[in-house]
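Asks: Pasting a structure here, questions to come.
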């Protein structure tokens, strides 16, 4: 075998080995996709952890409230989390609040904590409640009847639409 033929055979063997080696691993695109998915899974885990922590904090604040506000806040929590599961419970100024993408959409304000004659359900500017050139952003709450609960549910759904 000539020197040239031997060299060609060696190069061919090396390139075949390189091809075989490459095909056994992941492509750059596959690696990038796996890294992206790993980031997504970490973000999902953080969001779930934050949601669970937020829920725990909100329920603890509600438990500290005197009756009848405690019962009202519990019921509001149920209505809001059922009507808009995309909202994450969290405390805001020590009161129950519900956020989307980290921004507060709605909140409950205790009458007792702020020495007012009624509790308040409020909506921030991130809520999609816009109607014409003027619309309400907070509501006084003395008690919750079926009619108020239905209205609150509709408002919360609209706020996140």
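Asks: Being modelled with pLDDT under 95 and at negative phi is the filter here, so list the residues in region 99-116 that pass it. Can you show your working first?
Replies: From region 99-116, those modelled with pLDDT under 95 are 99-104, 109-116; that's our starting set.
Once the filter is applied, which keeps residues that are modelled with pLDDT under 95 and at negative phi, region 99-116 yields 99, 100, 103, 104, 109, 110, 111, 112, 113, 114, 116.
Asks: Out of curiosity, is residue 43 surrounded by 10 or more Cβ atoms within 10 Å (Cβ to Cβ) and at pLDDT below 80?
Replies: On the way: surrounded by 10 or more Cβ atoms within 10 Å (Cβ to Cβ): yes; at pLDDT below 80: yes.
Criteria met by residue 43.
Asks: Just give me the residues in region 51-98 being under 16 Å from residue 122 (Cα atoms), within 12 Å of the chain's Cα centre (by Cα) and assigned to a helix (DSSP H, G or I), in sequence order.
Replies: Selection gives 81 alone.
Asks: Can you pull out every residue in region 138-161 that is within 22 Å of the chain's Cα centre (by Cα) and surrounded by 11 or more Cβ atoms within 10 Å (Cβ to Cβ)? It would help to see each step written out before you state the result.
Replies: Going residue by residue through region 138-161, those that are within 22 Å of the chain's Cα centre (by Cα) are 152-161.
152, 153, 154, 155, 156, 157, 158, 159, 160 - these are the residues of region 138-161 that are within 22 Å of the chain's Cα centre (by Cα) and surrounded by 11 or more Cβ atoms within 10 Å (Cβ to Cβ).
Asks: Has region 18-28 got at least one residue that is closer than 30 Å to residue 87 by Cα, at pLDDT below 80 and surrounded by 10 or more Cβ atoms within 10 Å (Cβ to Cβ)? Explain how you work it out, then say what you get.
Replies: Applying the first criterion (closer than 30 Å to residue 87 by Cα) to region 18-28 yields none.
Within region 18-28 (the criterion being closer than 30 Å to residue 87 by Cα, at pLDDT below 80 and surrounded by 10 or more Cβ atoms within 10 Å (Cβ to Cβ)), the answer is no, since none of the residues qualifies.
Asks: Right, next: Any idea which of 121, 129, 155 is farther than 22 Å from residue 63 by Cβ, in contact (Cβ under 8 Å) with a residue 12 or more places away in the chain and either touching a helix residue (DSSP H, G or I) at 6+ places or on another chain (Cβ under 8 Å) or assigned to a strand (DSSP E or B) (or both)? Break it down into steps so the answer makes sense when it comes.
Replies: Values: 121 fails: farther than 22 Å from residue 63 by Cβ; 155 fails: either touching a helix residue (DSSP H, G or I) at 6+ places or on another chain (Cβ under 8 Å) or assigned to a strand (DSSP E or B) (or both).
Unique residue meeting the criteria: 129.
The values are calculated or read from the model by the stated rules, or taken from the named source; none is laboratory data. Predicted model only: the values in this text are computed from it and were never measured. Ideal geometry is used to build each Cβ from the backbone, glycine not excepted, and the neighbour counts take in all protein chains shown.
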